[in-house]
Each structure stands twice: as structure tokens, then as C-alpha cells.
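The values are calculated or read from the model by the stated rules, or taken from the named source; none is laboratory data. The shown structure was predicted, so the numbers you read here are calculated from the model rather than taken from an experiment. Ideal geometry is used to build each Cβ from the backbone, glycine not excepted, and the neighbour counts take in all protein chains shown.
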Amino acid sequence: MASPLRIDIEPHATPSARQIARAVEILHDGGVAAYPTDTVYALGCAIESRRGAERIYRAKRMDEHKKLALICPDLSSASMYAHFSRVAFQLARRLFPGPYTLVLPASREVPRLLVDTRRKRRQVGIRIPDHPIALALVRALGRPLLTSSAVPPGEERALSDPDEVEEHFGHQVDLIIHGGPTPGEPSTVLEVDGDEVSVVRVGHGPVEGLLDG
């Protein structure tokens, strides 16, 4: 595979329209991108790109039962793919955009490859990251990104440095956006089942006070 397109953006800077247009062109064509978020670097493709999703699984050598999440631009978009209870909606308004993933009941709009068939309930992980590059990408794309943390095969640590991302995944993606280092901790994952909220994983997002009501 040819070397990926590299786009350099100053850390914490808003990308230019030209930069984002070039990146979105690749995603529209079913390509896979590596890009920074408010937690770690991620690999992503457009929601309808089954081939892109399969490439992400292969790049990470990821177990098929581990599911990709959705990066959405806002709650309006997220509500098309997940069912928000009153508690889930209130929680989402507090936490998004931010370093959290909410695991919610999935709507029929969610591709089957995102749903764990071993479980009786259809669920999907929703992210709205507080990062100008990730948000610019998904807003310009016009639909969610299928996403997974950039974790090299056989390792547990997700990558936070774009040079490391290029070293490990440079020949398995079509685009790498170098946007400076990220915090290096994965998102905090919360599962919401009706009015019940449980912590699945503690990550970059603090949990103190979240379950107090």
C-alpha cells in the first residue's frame, strides 16, 4: 500500500476548509484516516464503509467481538443512532463534547457490524469529542465516523503521538492528520440502561459526581 496522505495541523488549531475537504474526500471514497481526539489518536472511516471498518479490524488485529464506536458531531445526529432515555440525554448534555463514550441502546440506523450479537440488547458507543480536528472531520463528512483507538496489535496502550501512529499504522491507512500530542488516556465509558448508569471504564474523563443524580 502507498504511503498515506499526511496533513499537518498546529496543535489545538482549527483546521482550514481546504485541509478538511481533502480529508473528507478520502473518507467519502471509503478510506481510513488516523486523527487526533481529546483522548488518544483514533482510526476511523465513514459509517457506511464496511471495507473501511474491516481494514481497521485488520490493522489492529482486533477481535471481531470488540465493536467500533460512533463519533457524532452533535446530539441531534447521535439521537439518530442511539435511543436516549431522560437520564442519558441529561448526562450527554453535561459530558459532550468531552472525553466520554456513552453506551446506549442502538437504533435501527446502526450497522450490524457495530452490534455485539452475543448480547440480547443492541447497543452502540457514542462519542462527541472536544477536539477541533475530530469535530471538523465529522461535521464536514455529514455523517458519523466509525472509530477505534489507535492501539497497535499486541499492545494495550493507545497512541497519543502522531509520529508513533505513522510508524505503526502508516501503511494501513490512507490519511494521517498530525495534530500534535493528545492526553494519552482513553475515554471514560459509561453505560446507560434506562435510568441506571454504570461505569464500564475509567479513562480521561472524570467520574466524580456523575452518578450522584
**Message:** Looking at (1) assigned to a loop (DSSP other than H, G, I, E, B); (2) touching a Leu at 6+ places or on another chain (Cβ under 6 Å), which one does residue 109 not meet, given that it meets all the others?
**Reply:** (2)
**Complete:** Scanning the range 80-102 residue by residue, those over 29 Å from residue 19 (Cβ atoms) and surrounded by fewer than 22 Cβ atoms within 10 Å (Cβ to Cβ) turn out to be 83, 84, 85, 86, 87, 89, 90, 91, 93, 94
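For the range 158-173, name all the residues that are in contact with a helix residue (DSSP H, G or I) (Cβ under 8 Å, 6 or more places away or on another chain) and farther than 18 Å from residue 37 by Cα. Please lay out each step first, then the result.
The initial filter retains those residues of the range 158-173 that are in contact with a helix residue (DSSP H, G or I) (Cβ under 8 Å, 6 or more places away or on another chain), namely 159, 169, 172-173.
Listed by number, the list holds a single entry, 172.
From the list 129, 97, which one is farther than 26 Å from residue 172 by Cβ, at pLDDT 95 or above and touching an Asp or Glu at 6+ places or on another chain (Cβ under 8 Å)? Can you show your working first?
Working: 129 fails: farther than 26 Å from residue 172 by Cβ.
Result: 97 is the single residue among 129, 97 that is farther than 26 Å from residue 172 by Cβ, at pLDDT 95 or above and touching an Asp or Glu at 6+ places or on another chain (Cβ under 8 Å).
Residues are listed down the side, and each one gets a yes or a no for (1) modelled with pLDDT of 95 or more; (2) of a type in the set (Gly, Ala, Ser); (3) touching a Pro at 6+ places or on another chain (Cβ under 9 Å); (4) over 24 Å from residue 110 (Cα atoms):
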{"site": "154", "(1), (2), (3), (4)": "no, yes, no, yes"}
{"site": "160", "(1), (2), (3), (4)": "yes, yes, yes, yes"}
{"site": "173", "(1), (2), (3), (4)": "yes, no, yes, no"}
{"site": "178", "(1), (2), (3), (4)": "yes, no, yes, yes"}
{"site": "181", "(1), (2), (3), (4)": "yes, no, yes, yes"}
{"site": "187", "(1), (2), (3), (4)": "yes, yes, yes, no"}
{"site": "195", "(1), (2), (3), (4)": "no, no, no, no"}
{"site": "208", "(1), (2), (3), (4)": "no, no, no, yes"}
{"site": "213", "(1), (2), (3), (4)": "no, yes, no, yes"}
**Complete:** Filtering the range 100-116 for residues that are modelled with pLDDT under 95 and either more than 19 Å from residue 200 (Cα to Cα) or within 14 Å of the chain's Cα centre (by Cα) (or both) leaves a count of 8
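So which of 160, 198, 187 ends up being of a type in the set (Gly, Ala, Ser) and touching a Leu at 6+ places or on another chain (Cβ under 8 Å)? Lay out the reasoning, then the answer.
Numbers: 160 fails: touching a Leu at 6+ places or on another chain (Cβ under 8 Å); 187 fails: touching a Leu at 6+ places or on another chain (Cβ under 8 Å).
None of the others qualify; the one that does is 198.
Restrict the check to the range 8-15 and report whether at least one residue is hydrophobic (A, V, I, L, M, F, W, C), surrounded by fewer than 23 Cβ atoms within 10 Å (Cβ to Cβ), farther than 14 Å from residue 145 by Cα and touching a residue at least 40 places away in the same chain (Cβ under 8 Å). Working first, answer last.
Kept after step one, since they are hydrophobic (A, V, I, L, M, F, W, C), are these residues of the range 8-15: 9, 13.
When the remaining residues are screened for being surrounded by fewer than 23 Cβ atoms within 10 Å (Cβ to Cβ), the result is 9, 13.
Retained after the next criterion (residues that are farther than 14 Å from residue 145 by Cα): 9, 13.
Of the ones still in play, those that are also touching a residue at least 40 places away in the same chain (Cβ under 8 Å) are 9, 13.
Yes, the range 8-15 contains at least one residue that is hydrophobic (A, V, I, L, M, F, W, C), surrounded by fewer than 23 Cβ atoms within 10 Å (Cβ to Cβ), farther than 14 Å from residue 145 by Cα and touching a residue at least 40 places away in the same chain (Cβ under 8 Å).
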**Prompt:** When residues of the range 77-93 are filtered for being out of contact with any helix residue (DSSP H, G or I) (no Cβ under 8 Å at 6 or more places or on another chain), free of Cβ contacts under 8 Å to residues at least 60 places away in the same chain and under 21 Å from residue 206 (Cα atoms), how many remain?
**Reply:** 1
